[in-house]
Each structure stands twice: as C-alpha cells, then as structure tokens.
Amino acid sequence: MTWPTGVHLAIHPDHKSRGRVHVDPSHSLGSPTSGLPLGEATPATTRETSRRGRGTRGRHARARARVSTPPFFSPRGSELAAAGGPVECVRGVGGVPRGGGSGMAAPGKGGAARIAAAFIVLLHLVAAIAGKSYYDVLQVPKGASEDQIKRSYRKLALKYHPDKNPNNEEATKRFAEINNAYEVLTDQEKRKIYDRYGEEGLKQFQGRGGGGGGMNIQDIFSSFFGGGGGMEEEEEQILKGDEVVVELDASLEDLYMGGSLKVWREKNVIKPAAGKRQCNCRNEVYHRQIGPGMYQQMTEQVCDQCPNVKFVREGEFLTVDIEKGMQDGQEVLFFEEGEPKIDGEPGDLKFRIRTAPHGRFRREGNDLHATATISLLQALVGFEKTIKHLDNHLVEIGTKSITKPKEIRKFKGEGMPLYQSNKKGDLYVTFEVLFPKTLTDDQKAKLKDILV
C-alpha cells in the first residue's frame, strides 16, 4: 500500500525498547493520538506506549521495519507486510485503534488541510496521467469564459463532425471528446469539481448522482475517506493583476457578417533581474514546549528567497474576433493578457464592443433603420427602388401605392442577426418625399384638374 504522506514508525527488537514505537521528529504532521506535533509526545503518552509494548515481548525479537502511513490511518499487519515486511504493530498505536472501528481515526483540525492537499495532488496526478485536459481538448486556457468555450466548441465540432468525416474513426473519437469536454466545462458545478479534483474527482461526483442531487465537494471527500471529521472546504487565494477593459469600435458590417480586428496591445511584462527578493511569505504555526506537558502555539512569518524581477514594456498585435449579432457592451476576453502580478497571475484583458457610426444604417438592438428619398411623383404614383444592404445584397423597397412623407415601412428579416442564432431582426425604412421648389401656372392648372 502506498501512502500520500508519511509518519515513520520503527519497532526495535532490542531488550530495553522492545515493542516501543518511536516517532521520527523530522515530521511536522499532527500526532494521531495526542493531537500534538509528532516528536513532542507527553510523558504520559510515552509511558502508556511502553506499558502496552511489554505485552508483545517475544513476538518480534527479529522484526524491524520502517513504514510510511498517513496520520489518520491505522494499518493492519497485512498492509504493513505489503509495504516492507512482516511487522506486528503495537496495539492501540499501530494496529486497530482501541475501541475497535474500521482502522481509521478522524483527522484533527490541524491535519484536515494537509489531508485535503494530499488528496488534491493525488487526483491531479491521476488526471495528468489519464491524458489531455478538457481545456486542451477544446483548445482554450484554464479560466476561459463561457463565451470562449462555446466559440471554440462550435469551430471544433464543425471540423470533426462525423457527417464531414465519414469513415474516419479518429475524427469520431475527437468529436466525442469535444462533446464530453464541452458538457463538463459549461456546467458550473461540474467545472468546479473538475478544476479542483480532476477527472477522477468528477467521476466520483457523477457516480454519486452529481449534477442534480445536490452533492457538494465535501461529499467527494466523504466518498474517499468515509465520514466527515469536521473538514471545511478551503480555497487558496491567488493574487491576480489588474483587469484591463478597452472600448472597441466595431463596424456594422463586421457585426452583421462577423469579422476580426487587429489591435496593437502594449503592456508590462515581468522579466528576470539581478539579485534576490522575499516571496511566498506565509504564516507558519509551530508548538514550543514551555514546561513539562505544556506547549504553546506560536505563529511566525516565513518567506522564501526568489530571483528578483523587473517590469519591461512590450507590445504585440492581438486579433479580436467579432461575432455576428454581438451587442453593444458585450466583451471579448483575453485570459491573463491584463496587468501582470508578481508572485501571482496576470489579470484579464477585455475588449468591450461598441457599434461604430455608419453612413447608411442605424442600429437599434436587433433592428436596422434607414432613410430613402423619393420624388413627389414617385410618392403619388408608386416607384421601384432598392437599397444595398451591409453584405451588398439588394433589398427591394418599392411600392405601387401612395407613400406619405415620413412614412415608415418594415421589411421583415432584413435587420441584424441575433447573437448565436439563425434569426434576424427587421429593417425599418423612413421615406422622405422631395417636393418641387416651384411650379408653373400650367402645371398648377393641370394638378388642379387631376386632384379635384
């Protein structure tokens, strides 16, 4: 049996210390029996261990073993044999805990975070061995927005769709992987589980009916370790740099048909510098003995020495994809392209879409508005007329009926495309009637005869 973390136990065969359990003081994990740091057991605990050890005299006169086991497990003899040879453990310390039970003691408060850390590392290791992550499958960075994931999914699903790749087993396999990754990363609860515990943790979550049964992260711990133990979920706070938001004017043509813009982006970049600096500072807790059987908990700030860094200004072109039907205020996210943060993660860069003014059309939501000028004669007798749309197709706006000045007509389905939809808004055309500046007496007489 392999354990993620260890406490070294050594059973000595010599006459004086036969059956005693000695704790390696180099480890700082909490003691499973006393709740004190290992290597600092009280005299009462040592005496009790010695008394219980005498009852095992003669059983292991030649046995000596060194095994690793986490502080919350009490291994049985068969498990120790698998780890390093035949060992008879001292009852109440290395064997089944006094009072029976399953051989597992609930972790103390101090060990809960360490158990969680070891568990997370183990699951991430399994996920790494299993293959590419879901983010790699969808070709998006970890932390990508839902819009980014959807855009990448649409492109990849179209590329590897079985209808476009008949008799291609590799494409079919990729299509299945893409759909599986998309299903997980667009479900907030599943994505949270996957980000913290990997694919194995997600399987445990789904095996318990996850996705609708109200199972939370604590339930995953319970499924692996059995029972609670008072462990609370702990989130590591990661420092992030400032978020940068840029207003980006997009043409009405790009918003109608889709397009891309190249934008020059200049930002600070962290580069190595001479010297050292303090980093990764944290508060560490230790216990100091202040008297027989008396210990005081102390806190000390500890920092690492890291290579020094400096900020250098650099620039590059970024390609911003404009999708059909995007609205004013929608954002295009560039993950970790914002301001950098020493000993942290860079912030994000967001381009906020804003519709640029257009010469012929005006946008209102999903609708377009345009103006057409006609003569008085056309207004009275009808006319044939077209206007060129944003993608250069012609829209027939003529009529055989009378057109009033400032009259507005709707042309259904000729507006802006709806975002991520096949539907479109409408086009509204306002007609301006151009009156003649002057009329001759003959023209006025003829008009009177016609209109009377």
- [ ] Take peptides 270-281, 178-189 and line them up by average Cβ neighbours within 10 Å, highest first, as a rough protection proxy.
- [x] 178-189, 270-281
Task: In order through region 306-322: 3J(HN,Hα) via Karplus (6.51 cos²θ - 1.76 cosθ + 1.60), integer Hz, x for Gly, Pro - done: 10, x, 6, 9, 9, 9, 10, 7, 9, x, 7, 8, 10, 9, 9, 7, 9
Task: HN-Hα J in Hz across region 386-392 - Karplus 6.51, -1.76, 1.60, θ = phi - 60°, x for Gly and Pro - done: 10, 10, 7, 7, 5, 9, 6
- [ ] May I ask you to evaluate 6.51 cos²θ - 1.76 cosθ + 1.60, the Karplus curve with θ = phi - 60°, for each residue of region 250-263 and list the ³J(HN,Hα) values in order in whole Hz, giving x for glycine and proline?
- [x] 10, 5, 5, 5, 5, 6, 7, 9, x, x, 8, 10, 9, 10
TODO: For region 262-349, state the semi-axes of the equivalent ellipsoid (square roots of 5 times the eigenvalues of the alpha-carbon gyration tensor), sorted largest first and rounded to whole angstrom.
DONE: 46, 20, 6
TODO: Hey, can you grab everything whose amide H is under 5 Å from the amide H of residue 416? Only 5+ residues off in sequence or another chain; H modelled, so Pro and N-termini drop out.
DONE: 367, 368, 425, 426
Open item on the list: For region 309-379, take every pair of Cα atoms, bin their distances at 5 Å starting from 0, and report each bin as a whole percent.
Closed with: 3, 10, 15, 15, 12, 10, 9, 7, 5, 4, 3, 2, 2, 1, 1, 0
TODO: Hey, can you grab everything whose amide H is under 5 Å from the amide H of residue 295? Only 5+ residues off in sequence or another chain; H modelled, so Pro and N-termini drop out.
DONE: 290
Task: Debye intensity ratio I(q)/I(0), log10, region 301-421, q values 0.10, 0.16, 0.18, 0.19 Å⁻¹ (C-alpha model) - done: -0.56, -0.93, -1.06, -1.12
Task: Computed FRET value (nearest 0.05) for residue 319 with residue 402, which takes r as the C-beta separation and R₀ as 45 Å - done: 0.30
- [ ] Would you mind ranking 257, 294 by Cβ crowding within 10 Å, fewest neighbours first?
- [x] 294, 257
Open item on the list: Under the rule of at least 5 residues apart or a separate chain, name every residue whose amide H is placed under 5 Å from the amide H of residue 434.
Closed with: 374, 375, 376
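Quick note: the coordinates plus some simple rules give every number you see, no bench work behind them. Values in this document were obtained by computation on a predicted structure and should not be read as measured data. Positions of Cβ are generated from backbone atoms using ideal geometry, with glycine treated the same way; all protein chains shown enter the neighbour counts.
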